[in-house]
Structure formats: structure tokens, C-alpha cells
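Values quoted throughout were computed directly from the atomic coordinates according to the rules given, and no laboratory measurement underlies them. Nothing here was measured: the structure is a model prediction, and the numbers come from that model. Every residue, glycine as well, gets a Cβ built from its backbone with ideal geometry; the counts of neighbours run over all protein chains shown.
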């Protein structure tokens, strides 16, 4: 089992390295990327010509997604937007496919919903923000169910929906991390899900770009596109870690201790580097596949001695068994929250676009001004 996990992570890291450069391996995969690009373009035209149907929901929809494959910071962006919009008087809800869950059913995510039913990211969003969150195979179905259950919600955020064209979006945000566009080639020869920069006048271009970078680093170099503003956001770990029952401990208190770091995310090495940048000593680094199953975390906690430290996404599954045990002893596992700080201009642009959307539609203005209806 451990060998399988390590092999999966190793293959993913190897492919990521291929997709960053135009080496021999990338050139060998290039013909497949041409076919992939043709299929992507054909699908977009199908929606643009009305051959494939898009559905509009009665409230503004903000889609947060990435042009590159892998974790580029979509979920932290959604969390930051939910918190900002709530502070501005909006009543946001979140919809998602819920990648990695065990069914395709429409599910409302609550604090007690197992991650196997919700997916890791939706569970994290709900527990962090308290906003209504629904998951479904079709985001339209998730949105309809959410609005029926929570009629006060007057704006929806779609987590990871940039390529989901069946849902009409009012604001589309493309998120990039320090990888930028890799080698600028499409999958599988490169990192790109779709071409960047998009051609002038092409359908379904994002409305704005959010470049994320670690504290003290430079933003990634992204080709600019006329009419699509680019904003920056700093990504950093919090100064504290949290335990299964909401306990907090300052990272300062963990310095000098031999920690086992665990990360089941798209790029575990990024988390490990950020922990070391906070001055923590990592005796072991355990990289699990993205969306690893709960059994992997249970086995890990049973086999590892000493203190473990993980991401908030991992904690969705790691903490479940610990919470059920209700052990009064100090926790052996801690999760470090990730903080995202977009520049103020990003939120100002979002506010202006939402105001424009709310005044364009009488039905949407009703949701904004009288959310109880």
C-alpha cells in the first residue's frame, strides 16, 4: 500500500517536471496535446453555437478555476471571496463537483458530512466559512438545490468550474501559482488545460487573473491579455496550527521538535517548503496522493510516533477518527491553515463587477436587496 502511494506521488512529480520544460518527453507527448487541444476547442464551439446547452441561475455566479492542471490555489481563493463578500453584506453559497467523493448525488455539505460524501475541498470550505455548500456531478444541479434550500443566498461561487461550460458564469477568475504556464503546452505535453493566452475574441475567456505567490517571492510571469486585468495574492501559512477539537498552538512552540509532515495535495513539496520557511524541523516528509482515502490517514496515525503536522485539507480526513475518539490527551496531529491575501484592487474589481451584474437584472437585484424572498 505504501509502495502504491509513493509510486503515485512519484509519477505525478515526474510528470510535473516534464510539463515545465520542452524536453524530449514533452515533445513525444506533443501530438496527443494537439488532439486534446482540438477536442477542447470543438467543445467550446459547441457551447458557443448553442449545440450544447448552458444553464443560467437566478443569482450572479462567480467561477474560480485554473488554466493549469493541479492545485493552483482555487480553494483558498474561494474561501477568501466568501469571507470578503460576507463582510460586504452579500450572502454567498458555494457549489462544486466534489472531486474524489464516492457518489454523484446532490449533497449538502455540513460540519458532519463525511469527506467521502462531500469531497475534501467542499468540506474544507464549509468548515472554514460556514457558508452553504452543495456538491453534485452537475454544478447546475448543485446550484439549484442550494438556492432551493437557502433562498437567502444571493451570489454563488463555483469552485473549480472554469472548464464547466454548462453553467453560465457572470465572473470567471483564472488562478495561477508560481508554475505559471509551465512550458506553455497543452496536456499531456504541458500543464495547460486550455491555451494561454486565449485568442482575441475567443469564447469563455476569464474576466480576471489572480497570480498567487509565496511570501517573499515574485509573482509568476503570465502573458497579459488586453481586457483581462491581472491581480496578485500572497500565499502564506498561518502563525498557528489547529488540533482536532479546535485547539490552537503557535508554530513558535513547535520549533526545535522533530515533526513528521504529511500532505495529500497536488504538490506536497510546496507545503513542506513553507513549513521549513516558518523555522520548523521536518524529520520526515510523507507525500500522499492528492485526495488520498481516509484509510491512508488512519494507517499513518497508527504507524507514526511523535508529532504530525498536515494541511487543513488533510485534516478533513485526519481529524475525523480523532474527533470520534474524544481523547482528552494533547493531540499528536496538528493542521496549519493556509492564508491567502489578495491585493485590495482584486476585491474592488469583484465588488464593481457584482454591482454591475445586480443592476442588469431585476431578478438578481431582488436577491441582492431582499434576500429573504
inquiry  = With 10 angstrom as the radius, rank 170, 120 by how many other C-beta atoms surround their C-beta, starting from the fewest.
reply    = 170, 120
query = How long are the semi-axes of the ellipsoid equivalent to segment 75-143, from square roots of 5 times the Cα gyration tensor eigenvalues, in whole Å, largest first?
reply = 20, 12, 9
task = Using every pair of alpha-carbon atoms in segment 159-248, split the distances into 10 Å bins beginning at 0 and state the percent of pairs per bin, rounded to integers.
result = 14, 39, 29, 14, 5, 0
ask   = Taking R0 as 35 Å, what's the FRET efficiency between residue 150 and residue 248 from their Cβ-Cβ distance, rounded to 0.05?
value = 0.70
remark   = Final fewest-first order of 339, 108, 215 on the 10 Å Cβ neighbour count is 215, 339, 108
ask   = Tell me, 272, 319, 134 in order of fewest to most beta-carbon neighbours within 10 Å?
value = 272, 319, 134
inquiry  = Quick check on the chain: of the DSSP beta bridges with both residues there, what percent are antiparallel, nearest 5%?
reply    = 25
remark   = D (µm²/s, integer) via Stokes-Einstein for segment 2-136, Kirkwood Rh across alpha-carbon pairs, 10 °C, 1.306 mPa s: value 88
message = How large is the convex hull of the C-alpha atoms of segment 239-336 per residue, in Å³?
response = 87
